[in-house]
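Every number in this text was worked out from the coordinates using simple rules, so none of it is lab data. Since the model is a prediction, treat every value here as computed from it, not as a measurement. For neighbour counting, all protein chains shown are included, and Cβ atoms are generated from backbone atoms with ideal geometry for every residue, glycine included.
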Amino acid sequence: MQKAELRKLRRLDATKEMMQKAKYKITVHDRYEDEDTQIYEYEAFIRIQNLGAYIKIAIFDPSWMRANCTGAKFEVFLNIEGQEYITRELDQEGNEVKWLTAMIYNLLEKNGLKHYWWQYDCKQKIFANADAMKTLARIPVEHERGYKGIERLQQWQQAVKDEETKRREKAEQKPWDEDMAKIPALPKNFNVWARKNVLKDHFIFYEYSPKKTTTGWCTNCRTEVTVQEPKYNKTARCPHCRAKIIYKSTGKIKTLYAEGYSANIIQKIDGGIVERTFTYSESYRGDPRHPQEHFYEYSRKLLVDDEVKTYYWQSYKNKYVRWCLGETISVAHEGFHYGWYENTILYKGNLKKMDSPLLKHSSYMLWNKLPTRLMAYVILEKRYPVIERLAKVGLFSLAKELIRTSNSEQLKKYSEQTSLADGLELDKFRLKRLKAMDGNLTALRWLQREKKDNEVISDDIIKTLASENIGYLDIAFALKRLSITKTFNYLVKQADAMGESIGQTITTWKDYLSMAERAKLNLAADQLFKPKDLKLAHDAMVLDSKKEERAKLVKKLEKEWPKVDSKMPKLKKFEFAADGYQIVVPNGIEDIVTEGLCLRHCVHTSTYYYDRIQRDESYIFFLRRAENPDFPWYTLEVEPSGNIRQKRTTGDKQNDDFKKAIAFLKKWQKYFKKQLTKEEKKLGVIADQLRQENYSQLRKDKKEVWHGKYAGQLLADILEADFMKAM
Ligand SMILES: [Zn+2]
């Protein structure tokens, strides 16, 4: 319908009869107030013009009419054959305000011309004269009966609108359906494969029997098996298929679900590949031999022409469930990291035979375990050719690290050259060495630096540093004075002496140097820059730099816990040495403070340790290595019975070197028990009780560790794991 044409149509005014009727009032019952009230009889007035192909409906607002305005507020134009309608809004002077597409009811309700029905007994009417009613009766509707006047108009408009929506939805869905038509059938054994490979939970159902041996049903191998003394909810292995199972008694179970991982399959489609994702789960109700299988495909990613379209099986506009297009992303798009590491299991049965050029030219088959989902890998490989080059020469660690850290800038840069050595900013000689050590990104950076500086660092050094991800910047402070070899040898030696990682040793070294600098030590001297015993020098600096603070703390603690020092002499009988280790008893608070400062743990500042010593609940002992008896190593909290509650070293943790000392500690606990008097044994029993009460209180309070390696874990769990009973 042409608006210009519609504007030219003759103006319709309200008739005299209408103008009078606009003022009529009637009595109705107000439902809310429960009383009779007077309202105007008509909500709206309409006049109709029959214009051959078109019908024009003028709608008058009674409030305008009562103000002596005869002009229409709305003009609705219908093109019955063309299935079209449009509305023009006017002001009281007859000027055009705007054009509207609303249906008649919405139009009236929105403008207060039809809304009394919910408040009053519905007696209000829309006035239309007999001619108008006749014209309205001409509007075709599907269900003829019962629709009169403007109800009929509303019905027709709704049908027109529905038809239009249907057309629009069909147009939207057409390309989706075309895409979905490309998806091939699943391999015949796919369901069976999924059932066998993606279920997380397996059960053996058994009938309760007083006999030792009974029969059960394994949900994994779906076989009847003989089981010995099954216990409800206990885990075991199926005697037939060896799968890890949980025992379930059929009598106790109503419904049980076995969850699954998601499963993937890649298939060739016209112009590309599709990645389909499924979930498989099972539920058992009644006879476990007949589980309900829930096989559900929820996404399809189509890779065609450098574009990935993702479809989801979901509700379409809240009407029905179907495949709906989600996102469309260009392969070149940098931020494209969909579900890379999502825990899915790939069906491989169809890959070898698939003659998709995308997979044929991919290096995916070179990997033992792909670092991403297969389609993501294919896309990354297309985008960053260096990935394929790395895989082809076996540099999997480097490729994996670059992919996993989404290091797109590096990937882009390294892809720029067709020669891998050039791309990685290496030469053939260094690329060969990188390959030989299956180097990671840190190793690559060391080799790049080596080439730039035109020197050669031993592969051993690079490999060791790279394994702890120690880069040039981490040790630049040392390299300013020492060669890399000297620096490395020093670090390894000190790390061995401390039983620490190289990374931790670097931290200690830096810590020492900054303290030494503040103390104005002559660091130009080699023996001060790299002290022979770094840990000792570090600890000495700690004590020295904190001399005053330490003295103050010791004084304060001695005042608060006056009996602690006097407890020490009676503990001397527990001192012990064997197998290169030694147990040392502190002389008092001062020694405990020193230990705490050197090891940077909390023993010297946490007053409950002193409280426990004073009450004979537990004592502090030092575990040291015989070659360095003055060198703090591990601090032990020990009960009067010899039970060890806690063992802590630098930064409140335990290192691997400690495992070697466990046999010694057990030996010491035996020796400890032999020294105990009757009185001391009694103290041990009380301490045991107190410890258990403490754990259960911590559990009740849900106390968690806030910092460090154990952050987020329950404190009671950590303490309990640390506990070592004297046997
Ligand atoms: Zn089985």
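Applying 0.36 nm per residue to the separation of Asn189 and Asn407 and subtracting their alpha-carbon distance, the gain on full extension is 74.6 nm.
Charge dipole (Cα centre; +1 on Lys/Arg Cβ, -1 on Asp/Glu Cβ; no other charges) of the chain amounts to roughly 2080 debye. Residue by residue, segment 225-236 carries 3J(HN,Hα) couplings of 10, 8, 10, 9, 6, x, 10, 3, 6, 7, 8, 7 Hz when phi is fed to the Karplus relation 6.51 cos²θ - 1.76 cosθ + 1.60 (θ = phi - 60°); x denotes Gly or Pro.
Within the shell of other residues whose beta carbon sits under 14 angstrom from the beta carbon of Lys563, the net charge comes to -1, with Lys and Arg scored +1 and Asp and Glu -1. You can think of it this way: the chain between Leu473 and Ala577 has 33.2 nm of extra reach, that is 0.36 nm per residue less the Cα-Cα gap. Taking a point 7 Å from the Cα of Ser315 along the Cα-to-Cβ direction, none of the residues of segment 290-304 has its backbone N closer than 12 Å to it. Taken over the alpha carbons of segment 484-544 as equal point scatterers, the Debye sum produces base-10 log I(q)/I(0) values at 0.20, 0.26 Å⁻¹ of -0.71, -1.15. Each Lys or Arg adds one and each Asp or Glu subtracts one; over the other residues with Cβ under 13 Å from the Cβ of Tyr581, this totals +3. For a Förster distance of 22 Å, can you work out the FRET efficiency between the beta-carbons of Ile246 and Ile345, rounded to the nearest 0.05? The computed FRET efficiency comes out at 0.60. Summing charges over all other residues whose Cβ lies under 11 Å from the Cβ of Leu359, with Lys and Arg as +1 and Asp and Glu as -1, gives +2.
Between His294 and Arg322, the modelled labels are 2.6 nm apart [label points 7 Å from Cα along Cα→Cβ]. About its Cα centre, segment 417-541 has a charge dipole of approximately 260 debye under the convention of +1 per Lys or Arg Cβ and -1 per Asp or Glu Cβ, with nothing else charged.
In the chain, the DSSP-assigned H stretches of four residues or longer account for a calculated mean residue ellipticity at 222 nm of -11500 deg cm²/dmol, using -39500 (n - 2.57) per stretch and the full residue count as denominator.
If R0 is taken as 25 Å, the Cβ-Cβ distance between Gln20 and Ile86 corresponds to a FRET efficiency of 0.20. Extending 7 Å from the Cα toward the beta-carbon at both Lys161 and Glu142 defines two label points whose distance is 1.5 nm. Translational diffusion coefficient of the chain (Stokes-Einstein, Kirkwood radius from Cα pairs, 10 °C, 1.306 mPa s): 44 µm²/s.
Computed from the C-beta positions of Trp99 and Thr418 and an R0 of 51 Å, the FRET efficiency is 0.25 to the nearest 0.05. The stretch between Asp438 and Ser209 holds 76.7 nm of extra length on full extension. This uses 0.36 nm per residue minus the Cα-Cα distance.
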